[in-house]
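J.: Pasting a structure here, questions to come.
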Amino acid sequence: MSIAPLYNEFSAFLKRYFPYKVQKVSLNAGFTCPNRDGSKGFGGCTYCNNQTFNPDYCRTEKSVAQQLEEGKRFFAHKYPDMKYLAYFQAYTNTYGELDNLKRKYEEALAVEGVVGLVIGTRPDCMPDTLLHYLETIHKHTFLLVEYGIESTEDETLRRINRGHTFQTTIDAVERTAACGILTGGHVILGLPGETHKSIVEQAGVLSRLPITTLKMHQLQLIRGTRMALEYEQHPEDFHLFDVDEYMNLVIDYIEHLRPDLVLERFVSQSPKELLIAPDWGLKNYEFNHRVLKRMKELGAYQGKKYDM
């Protein structure tokens, strides 16, 4: 007898679309952000240092195809028959001239073994012209557009210099999903000013959006960011979770999420040379195992406390 999973795992989600193993390969396609280049602001989001999620092969002097080939070599020794999703990850990957965006996406799709795209972006950077183009891509290949939501609270979004409101997120997500495009979200749990209660309430708000996938991770203080300086000057404004406290928050959050949402990630671990705090010394899979063990002990499962 099969046992129902306690939450919807991303690996099971991918199996709905692919009869073989697939792996995301991160790319840095040389984009920037509207709150870095002055069109929205300068300095970027206060927590952001893109070095935290760029593998060594992700260098802007390399073409999209070259980065993909190097990424493929990294994974191919373990799974020779694996296929790949080109993951446009660094900065805002829909921010640019349409022809340039098309060229980069199509260059990725032309690489042997690449079977789809995952495009990370901001909700204020999805013009209708680009959305209509992505709608055509979606009709013949796997496509997931992942929006950096970060928070549902406008006060928090202002504090982290996000440069848009939550209403902007609602608009972008609804327009994208209306085109039939798989739509994902990313949030940071524990941003300054937010509490356990307000964070768990966020789960219900997000559940009302037509998103398919959700990533979450703990707030991390990263060297070289404005938030690191803020923490140094006013540590009382921050609450950094210990691992057990964060695990309990995640479980409470999961229980308040819509049951069919696909959960891709609960934690992120930045490189040690960049990470100020918290440093739990846990791999992602180790944290996931702890979450599952604790959920079983509590009788917890995704959607248990979801209010329709």
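J.: Report every pair of residues separated by at least 6 positions or lying on different chains whose Cβ atoms are under 8 Å apart, first residue within the stretch 295-308 and farther than 13 Å from V205 by Cα, second modelled with pLDDT under 95.
T.: From residues that are farther than 13 Å from V205 by Cα, the pairs are Y301/A4.
J.: Regarding G163, is this residue more than 24 Å from L261 (Cβ to Cβ) and either surrounded by fewer than 18 Cβ atoms within 10 Å (Cβ to Cβ) or aromatic (F, W, Y) (or both)?
T.: Numbers: more than 24 Å from L261 (Cβ to Cβ): yes; either surrounded by fewer than 18 Cβ atoms within 10 Å (Cβ to Cβ) or aromatic (F, W, Y) (or both): no.
Judged against the criteria, G163 is not a match.
J.: Touching a residue at least 40 places away in the same chain (Cβ under 8 Å), in contact with an Asp or Glu (Cβ under 9 Å, 6 or more places away or on another chain) and of a type in the set (D, E, K, R): which single residue out of K83, K72, K62 fits that description? Give the derivation first.
T.: Values: K83 fails: in contact with an Asp or Glu (Cβ under 9 Å, 6 or more places away or on another chain); K62 fails: touching a residue at least 40 places away in the same chain (Cβ under 8 Å).
Step by step, each of K83, K72, K62 is checked, and only K72 is touching a residue at least 40 places away in the same chain (Cβ under 8 Å), in contact with an Asp or Glu (Cβ under 9 Å, 6 or more places away or on another chain) and of a type in the set (D, E, K, R).
J.: Take I137 and decide whether it is in a helix (DSSP H, G or I) and either without any contact (Cβ under 8 Å) to a residue 40 or more places away in the chain or closer than 30 Å to P80 by Cα (or both).
T.: Details: in a helix (DSSP H, G or I): yes; either without any contact (Cβ under 8 Å) to a residue 40 or more places away in the chain or closer than 30 Å to P80 by Cα (or both): yes.
Answer is yes for this residue.
J.: Here's something else I'd like to know. Identify, by number, the condition in (1) surrounded by fewer than 16 Cβ atoms within 10 Å (Cβ to Cβ); (2) small (G, A, S); (3) in contact with a strand residue (DSSP E or B) (Cβ under 9 Å, 6 or more places away or on another chain) that A228 doesn't meet.
T.: (1)
J.: From the residues in the stretch 66-89 that are hydrophobic (A, V, I, L, M, F, W, C) and out of contact with any strand residue (DSSP E or B) (no Cβ under 7 Å at 6 or more places or on another chain), which one is nearest to K15 (Cα to Cα)? Let's see the steps before the verdict.
T.: Residues of the stretch 66-89 that are hydrophobic (A, V, I, L, M, F, W, C), as a first pass: 68, 74-76, 82, 85-86, 88.
With out of contact with any strand residue (DSSP E or B) (no Cβ under 7 Å at 6 or more places or on another chain) added as a condition, the list becomes 74, 76.
Numbers: F74: 22, A76: 19 Å.
Result: A76.
J.: Let me ask something additional. G163: modelled with pLDDT of 95 or more and out of contact with any strand residue (DSSP E or B) (no Cβ under 7 Å at 6 or more places or on another chain), yes or no?
T.: Details: modelled with pLDDT of 95 or more: no; out of contact with any strand residue (DSSP E or B) (no Cβ under 7 Å at 6 or more places or on another chain): yes.
The answer is no for G163.
J.: Please determine, by comparing only the residues of the stretch 109-126 that are assigned to a loop (DSSP other than H, G, I, E, B) and not β-branched (V, I, T), which one is farthest from K24 (Cα to Cα). Walk me through how you get there before you give the answer.
T.: Going through the stretch 109-126, the residues assigned to a loop (DSSP other than H, G, I, E, B) turn out to be 110-113, 122-126.
Cutting the leftovers down to not β-branched (V, I, T) gives us 110, 112-113, 122-126.
Values: A110: 16, E112: 14, G113: 11, R122: 19, P123: 22, D124: 24, C125: 22, M126: 22 Å.
Looking at the filtered set, the residue picked out is D124.
J.: What are the residues in the stretch 114-128 that are farther than 17 Å from F142 by Cβ and among the aliphatic types (A, V, I, L, M), if any?
T.: M126
J.: Only one of (1) buried (at least 18 other Cβ atoms within 10 Å of the Cβ); (2) within 21 Å of the chain's Cα centre (by Cα) is not met by E286, so which one is it?
T.: The number of the failed condition is (1).
J.: Check T129 against each of (1) out of contact with any Lys or Arg (no Cβ under 7 Å at 6 or more places or on another chain); (2) assigned to a strand (DSSP E or B) and name the one condition it does not meet.
T.: (2)
J.: Still on this structure, please answer the following. So which helices (runs of 4 or more DSSP H) stay within the stretch 144-240 end to end and still have 1 or more residues that are under 17 Å from the mean Cα position of the chain (by Cα), farther than 24 Å from P127 by Cβ and not hydroxyl-bearing (S, T, Y)?
T.: On the way: elements: 154-159, 166-178, 196-207, 226-233.
Fully inside the stretch 144-240 and qualifying: 196-207.
J.: Exactly one of these conditions fails for A178: (1) buried (at least 18 other Cβ atoms within 10 Å of the Cβ); (2) over 28 Å from Q218 (Cα atoms); (3) aliphatic (A, V, I, L, M). Give me its number.
T.: Of (1) buried (at least 18 other Cβ atoms within 10 Å of the Cβ); (2) over 28 Å from Q218 (Cα atoms); (3) aliphatic (A, V, I, L, M), only one is false for A178: (1).
Here's the yes/no breakdown for (1) modelled with pLDDT of 80 or more; (2) buried (at least 17 other Cβ atoms within 10 Å of the Cβ):
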| residue | (1), (2) |
| --- | --- |
| Q23 | yes, yes |
| F31 | yes, yes |
| D37 | no, no |
| C58 | no, yes |
| V64 | yes, yes |
| E70 | yes, no |
| Y84 | yes, yes |
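J.: Just checking, does the stretch 202-219 include any residue being under 19 Å from R36 (Cβ atoms), surrounded by 17 or more Cβ atoms within 10 Å (Cβ to Cβ) and either out of contact with any His (no Cβ under 8 Å at 6 or more places or on another chain) or aromatic (F, W, Y) (or both)?
T.: no
J.: Sticking with this structure for a sec: Look at the stretch 249-278 and say how many of its residues are among the acidic types (D, E), within 20 Å of the chain's Cα centre (by Cα) and part of a loop (DSSP other than H, G, I, E, B).
T.: Of the residues in that region, 1 qualify.
The values are calculated or read from the model by the stated rules, or taken from the named source; none is laboratory data. Computed from a prediction, not measured in an experiment: that's the story for all the values here. Cβ sites come from the backbone with ideal geometry, for glycine too, and all protein chains shown count toward neighbours.
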